[in-house]
Amino acid sequence: MIPTPHIGVIDQGVIAETILLPGDPLRAKFIAEKYLPDAVQFNAVRNMLGYTGTYGGQKISVMGTGMGMPSIGIYSHELIHLYGVKNLIRVGSCGSFQEEVKVRDIVIGMAASTNSNYASQYGLPGTYAPTASWSLLKKAVDVAARKGIPVKVGNILSSDIFYDDNPEAWKKWARMGIMAVEMEAAALYMNANRAGVNALCLLTVSDSLVTHELVSAEARQNTFTQMMEIALELA
Ligand code: HPA
């Protein structure tokens, strides 16, 4: 096969059926080096580093997605349609919208509401609810319970806007029970739902719009490790 415009892989089977997707490509490199001892790099186009290795005897890949729905939309489309990826698991960070969702908590996006126009491509006669894969969600919740890692599961917001002109806009989403904001899950869920494959978004809370608290890099690493312990078991 010929490489896609954004992933320089020409052989089927180089990318595993299950892939972990952090936003930051250097995070992908870190995950590969720390958790996948036999990892081999498969992509460097645009420095969007991707690796395949094994974890617990299971073949698994990890690649950056960049920030925002257009970027994760491109990478997840190519992974699904050209490389046969079946399980796409975003591992990212989010900002809390709720008092009880604290910095360092782990949030799992059962559904991803959005202010993006991404769904317009489908020409639906209504609004769409981008939803996680039930099987991946159940597995993640079960793994977390077995490991004694608390998780909060619910609706998240995938926003196109990080620096909002209206600093109060998030409060309307908060009133609708949205737990936290990030910028990619809705496009990932729509691409997966449209293609009939599985997607899930695991997040650690890096900041709070309620309390304005931010986690230190050191504390972030700790929760990140717990999130990765869940994500790696999903292969
Ligand atoms: N907004 C959007 N995305 C984010 C945030 C945020 O506050 N924190 C982490 N990812």
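The values are calculated or read from the model by the stated rules, or taken from the named source; none is laboratory data. As the structure is a prediction and not an experimental result, all values here were calculated from the model. Cβ atoms come from the backbone with ideal geometry, glycine included; neighbour counts cover every protein chain shown. Surface areas here come from the heavy atoms of the whole protein model, side chains and all, with no ligands, DNA or RNA. Shrake-Rupley method; radii C 1.70, N 1.55, O 1.52, S 1.80 Å.
Say whether the condition of being touching a helix residue (DSSP H, G or I) at 6+ places or on another chain (Cβ under 8 Å), assigned to a loop (DSSP other than H, G, I, E, B) and aliphatic (A, V, I, L, M) is met by at least one residue in the range 126-148. Yes, the conditions are met somewhere in the range 126-148.
On the basis of being more than 26 Å from A129 (Cα to Cα) and away from the ligand (no atom under 16 Å from the Cβ), does Y55 make the cut? Before you say what the answer is, go through the steps one by one.
Values: more than 26 Å from A129 (Cα to Cα): yes; away from the ligand (no atom under 16 Å from the Cβ): yes.
Considered against the rule, which asks whether it is more than 26 Å from A129 (Cα to Cα) and away from the ligand (no atom under 16 Å from the Cβ), Y55 comes out as yes.
Consider the range 198-226 and keep the residues that are more than 16 Å from the ligand (Cβ to nearest atom) and touching a residue at least 40 places away in the same chain (Cβ under 8 Å). The one that is most open to solvent (accessible area, probe 1.4 Å) is N222.
Scanning the range 42-79 for residues that are assigned to a loop (DSSP other than H, G, I, E, B) and touching a residue at least 24 places away in the same chain (Cβ under 8 Å) turns up A44, M48, L49, G56, G64, T65, G66, M67, G68.
Considering the range 168-197, and only residues there that are part of a helix (DSSP H, G or I) and within 12 Å of the ligand (Cβ to nearest atom), the residue that is least open to solvent (accessible area, probe 1.4 Å) turns out to be A185.
Of all the residues in the range 80-112, those that are part of a loop (DSSP other than H, G, I, E, B), of a type in the set (K, R) and within 16 Å of the ligand (Cβ to nearest atom) number 2. Please enumerate the residues belonging to the range 59-77 that are more than 12 Å from the chain's Cα centre (by Cα) and open to solvent by less than 10 Å² (accessible area, probe 1.4 Å). Within the range 59-77, I60, S61 meet the criteria.
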